[in-house]
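The values are calculated or read from the model by the stated rules, or taken from the named source; none is laboratory data. Computed from a predicted model, the values in this text were never measured in an experiment. No Cβ is skipped: glycine too gets one built from the backbone with ideal geometry, and neighbour counts run over all protein chains shown. The area values use the complete protein model at the heavy-atom level, side chains included, leaving out ligands, DNA and RNA. Shrake-Rupley method; radii C 1.70, N 1.55, O 1.52, S 1.80 Å.
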Amino acid sequence: MRSSDVILSASWVIGGVLGSCPKYSSYSTSRNPPLSPGAYKLAYQRPSPECRTLNSTLIEEAINRTKDAIYDEDLSRLFENTWPNTLDTAIKWRGFAANNTEEELAFVITGDIDAMWIRDSANQIAPYKAVLKSPTSDIASLFRGVINMQSRYLIISPYCNAFQPPPESNINVQPNSGTYSVTPSYDRSIVFTCNFELDDFGGFLQLSHDYYTATGDVDFFGKFQWISAVQSILAASEAMRQPTYGPDGKWIPPAYTFQSLTMSAFGTLGNNGMGAPVNDTGLVRSPFRPSDDSAMFDFSIPANMMLSRYLESTSEIMERLPNAPKGLSREMKDMATEIREAINQWGVVKAPNGQKIFAYEVDGFGGQNLMDDANIPSLLSAPFLGYLNKSDAIYQNTRAFVLSRSNPWWCTGPYINAIGSPHIRPGAAWPMASIMRAMTSDNDSEIITAITEVLRSTDGYGLIHESVDTFDTSKWTRQWFTWANGLFGQMIMDLADRKPHILKESFQPFFIEKS
């Protein structure tokens, strides 16, 4: 289907000729020709046009323009492979709601996992805001489809994070075979996993903000289920702000509990599924991190930053909707303000060197987790989220802390130096963190170093891995990680606007490393 085609059917699975196309999970494990002519000899990893899950003229034109602005042929190949990766491989289905033929829906898989994560899908689509202008474009339609799909899921099960294909798609549902005990209960034919991660709310609101900011299409938000989804977010957030004990000391049963049969301590919650106690702070609990790992302390400062920032910005959308309940926009603004004040009170702590920094997690009782994780939202990403300016003094202190040995998940070696994650292991740096380091820096040397490290971390595959051993780039996890791929492309598009001279640099090594 060409980007200029009008949608003629109410529902279509990405299929047809795709049935004869190789699965990308297999295709991406090969170093496919032609290799880039630079020293890194990066594979060409885009499927042929007939095998892509969404073809867009807007995207192809942007790729060609940006490639023309890039001097280094290896860097050009990595951009060409990564930025369109979600559109090439992960738009599993697009169509319309069964009860409303005007309500666009899009089911976006993470890549190598055949389910739709709220956070991941928001981050997978966000890089295409670079070409999002007219609400009549195919990319605008995709944004609306994802926002509508997420709205449905957030209304049905706001505490859950990953979902099965909608019935309209006629895709066979493969229930998660894991053993879970979760409160509130959920429908396994709809939900894939139910880890409550606060950044899901932030991701949904950020994507809404991006669409509105780029197109000015406010009418869309009043037509379908967006208002109800925001109400669901506010209700769940308020429930997750409740402390463990009331003013009289009486225990308050939590709104959400989670237990699973797992080999990993990070795959379940302690204290009979309730997690560690929390104090009355005004922050919103996030029992699970953006990595899907359980938290040490439930108040994630980065996730609260993200929620506060995008509740505030999307309250402007709500204010403009004539059918929005009275006072709903004010409720969004008030919660955003209260969370920001709580971050300032509870999330700013003293580092071992005496400087004020943001903690990664707190509990309101004095418990502090001083670290950062590569997954976004992270402390490093605070300016990227729009929560604060990158020149903010506390942020700069925090940045110096997390990009140093003071951070237990700072991974260093001869090939890449970046923040990692307990989701994998020590010594496994995440290229995503190097990308975010570049996107939150104005220092040319720092940006060039970060790009160079990412470029030499792909092991010749020309795709962004989840993690890479800092001493051996042949040891990595996930060859197909659309979120990280898109983020790399987003970084290049960002540099093309704010530092185009960097894209004129050569990123070739002074020597060619032995294979």
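Worth a mention:
- Measuring with a 1.4 angstrom probe and ignoring ligands and nucleic acids, Leu261 comes out at about 140 Å² accessible.
- Amide H contacts for Met240 (H built 1.01 Å from N in the peptide plane; partners 5 or more residues away or on another chain; cut-off under 5 Å): none found.
- Each Lys and Arg Cβ is given +1 and each Asp and Glu Cβ -1; about its Cα centre, segment 173-328 then shows a dipole of about 280 debye.
- Only Cα pairs under 8 Å and 6+ residues apart enter the sum, and on that basis the relative contact order of the chain stands at 16 percent.
- Ranked packing of 451-463, 263-275, most packed first, by mean Cβ within 10 Å: 451-463, 263-275
- For the residue pairs Lys390/Lys475; Lys23/Lys129; Lys350/Lys504; Lys250/Lys356, alpha carbon separations beyond 31 Å are given by Lys390/Lys475; Lys350/Lys504; Lys250/Lys356.
- Using only alpha-carbon positions in segment 267-418, the gyration tensor eigenvalues give semi-axes of 28, 19, 15 Å once each is multiplied by 5 and square-rooted (largest first).
- Computed Kirkwood radius, in angstrom, where 1/r is averaged over Cα pairs of segment 224-337: 15.5
- With a cut-off of 11 Å between beta carbons, the residues surrounding Leu283 carry a summed charge of -3, where Lys and Arg count +1 and Asp and Glu -1.
- To the nearest 10, the accessible area of His501 is 90 Å² with a 1.4 Å probe.
- R0 of 22 Å, Cβ-Cβ distance Tyr245-Gln345: FRET efficiency to nearest 0.05: 0.75
- In the chain, helical runs assigned H by DSSP with n ≥ 4 each contribute -39500 (n - 2.57); averaged across all residues and rounded to the nearest 500, the mean residue ellipticity at 222 nm is -10500 deg cm²/dmol.
- Calculated accessible area for the chain comes out at 39 Å² per residue, all protein chains present (probe 1.4 Å; ligands, DNA, RNA ignored).
- For Lys133, the aspartates and glutamates whose Cα comes closer than 17 Å to its Cα, not counting residues fewer than 8 places off in the same chain, are Glu60, Glu61, Asp210, Asp217, Asp219, Asp494, Asp497.
- Per residue, the convex hull around the alpha carbon atoms of the chain comes to 144 Å³.
- Formal net charge of residues neighbouring Phe192 (Cβ-Cβ distance under 12 Å; K, R +1; D, E -1): -3
- Lacking any other cysteine beta-carbon closer than 4.7 Å, the following Cys residues of the chain have no compatible partner: Cys411.
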